[in-house]
1. Go ahead and run the numbers for FRET between Asn561 and Leu100, Cβ-Cβ distance against an R0 of 35 Å, rounding to 0.05.
2. Could you give me the ³J(HN,Hα) list for segment 471-485, computed from phi with Karplus coefficients 6.51, -1.76, 1.60 and θ = phi - 60°, whole Hz, x at Gly and Pro?
3. Using amide H atoms built in the peptide plane, which far-off residues or other-chain residues are under 5 Å from Asp364 H to H?
4. What is the distance in Å between the Cα centroid of segment 468-511 and that of segment 215-251?
5. Quick one: net charge around Thr512, please, counting Lys, Arg +1 and Asp, Glu -1 for every other residue with C-beta under 15 Å from its C-beta.
6. Quick check: from the Cα gyration tensor, does segment 99-168 come out rounded (a/c under 1.5), prolate or oblate?
7. Taking H as built 1.01 Å from N, whose amide H comes closer than 5 Å to the amide H of Met237, not counting residues under 5 places away?
8. Using a 1.4 Å probe on the protein heavy atoms only, what accessible surface does Leu221 show? Give it in Å² to the nearest 10.
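The values are calculated or read from the model by the stated rules, or taken from the named source; none is laboratory data. Bear in mind that the values here come from a model prediction, so they are computed numbers and not experimental data. So basically every Cβ, Gly included, is an ideal-geometry build from the backbone, and we count neighbours across all protein chains shown. When the accessible area is computed, the model is the full protein with side chains, heavy atoms only, and any ligands, DNA or RNA have been set aside. Shrake-Rupley method; radii C 1.70, N 1.55, O 1.52, S 1.80 Å.
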Amino acid sequence: MAVCARLCGVGQSRRCRRRQRHNQQDQASDSDMDEEEEERIVGQKQGDVGGGGGGGGPESGVATAGPGDACEYGSGHVNRGGFPDRTSTGPPHPQSLAELPPELLVEIVSLLPGTALPNVALVCKKFRQILNTETIWRRRCMEEFGMKDDLRKMEVGGVSSRDLYVKLLHPYRHILGLWQPDIGPYGGLLNVVVDGLFIIGWMYLPPHDPRVEDPMRRRPLFRIHLLESNKATVECMYGHKGPHKGDIQTVKKDEFSTKCNQTDYHRMPGGRQEEFRTWLEEEWGRTLEEIFHEHMQELILMKFIYTSQYDNCLTYRRIYLPPAMPSDLLPPGLFKGTYGSHGLEIVMLSFIGTYARATKLTGDPNVPAGQPTLDVDLRRPVVLPDLEQQRNIEELSRLVMGVHEEVQREDQQQAMDTSAAARGAAEGATGGASVAEGVEEDHVTCSDSCQPGPSTTTTSTTTTSTSPPEAQPFVLPLGVMARNEVYPRTCRKCFYGTGLIAGHGFTSPERTPGLFVLFDEDRFGFIWLELKSFSLYSRLMDHLAHSHAPNMERFEAMLMNMQSWTS
């Protein structure tokens, strides 16, 4: 903006007038400045615009530009220290942005981000008039928010692209993207998008259990538009009586709240029983009589009672998609997974170093949303035996538990090394070199005695080096329960991992060993050995705009915050 101000002459208009009068008086002088001297003086005068006379840097030049300043103050055709160019016979070259043809100015300004355009309007009257061009705002709507054909429909309806950008898209740009609603242990996934002529908040729901391969279901929770007035209107979409008055408030950065102002639209004529039947059909795709398992009925009823408390006001916290790295085992992202009686849940698969982690976005009363449901150690592959032995749960347990015991020994050794190092540092601080040497001898002796034997080390090395083929046969062991019997019969790789289990209310949480099975880039599974159950996960294929993490640090901070939300 400071460059625009200098090119247009804004911010030094009085000096320009004095300089022009002075040049007219000195026209009799026939001495010319060389180009170096000219550049030096121009540089000085440009510096005066940005920082002279108590200014505050480049912005001060823009700040002094009032609405009435005209761009012609810096537009005189002056060459070489202010003398008229008597030798030029062609059309004069533009000396400022303001002298460019309007169509070029429109093209230049339309390349700027929308957040910079209000400052452009402050430069001068001509620039402010240029910003009335619809082409500029139409381009901003298309490039920043992906709008195309809908713009022309809105313009036909009497709403300009400028009004759409200034009154709707720009004020609510901070709520676009992915969010997790604060609904206790259940969580959720909200995607706020520019959808046609609206900004709509879609609640993403998993497909009906156990059809994990089906696409996600969507339900609108709110929408914002300019259709009925000259300002943005917020409407609640919850319930079955159509849109009604609502409100959106930004609580703080990366957090906002929605409120319904007409909750009577949420009620149904048949009362709570009819509301429960309708919710059950939408949530599970069946009636309560069709769900024979008594424990499952209790879980479903509990979820309805709990979540129906939040139909009036909800708070959302921003979540990001995990950044992708070339070394990742498969593309990170969101997956739907089977969780027994709890139905299908949504998890986020991410990679941190040599570990893969699946974090719950939706949860249940045992393991709530925000908790790391799976941790996979990619340094510890597991080579599956032939199909006949794969059917034997004891053989699979022997393979996985062998790795699990090795991990426990290494953790114990690391704890002992840390403890010995701490003791050595403490005793060394109190004096006595001989004592420190004795501690070091004990440490070496302990390390030698506690390290895994040659057979264990050899086995681990062999397991790592003999990587399985790109696709190998896979079958679940007998006795392992799977909600979805339709799972892939070939896999690429398997790794040791742990799954998080807990009692009701997230009591006594513990990590239990299991087997992570990679089927392809869009599907993986996990065998919970202690529970003797299998979870199948399938990727969400929806396009999720405005949802990528700016960097890995922000993503990792978000993961830590997610755990604290439900801990």
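1. On the way: r = 49 Å, r/R0 = 1.40.
E(calc), rounded to 0.05, equals 0.10.
2. Once rounded to whole Hz, the list reads 9, 9, x, 9, 8, 6, x, 5, x, 8, 7, 10, 5, 10, 6.
3. Ala369
4. The distance from the Cα centre of segment 468-511 to that of segment 215-251 comes to 40 Å.
5. Numbers: positive: Arg511, Lys532; negative: Asp375, Asp377, Glu405, Glu510, Glu530.
After counting each charged neighbour, the total is -3.
6. Working: a/c = 1.85, a/b = 1.79, b/c = 1.03.
In terms of gyration-tensor shape, prolate.
7. For Met237, the qualifying residues are Phe222, Arg223.
8. Leu221 has an accessible surface of roughly 20 Å² with all protein chains in place.
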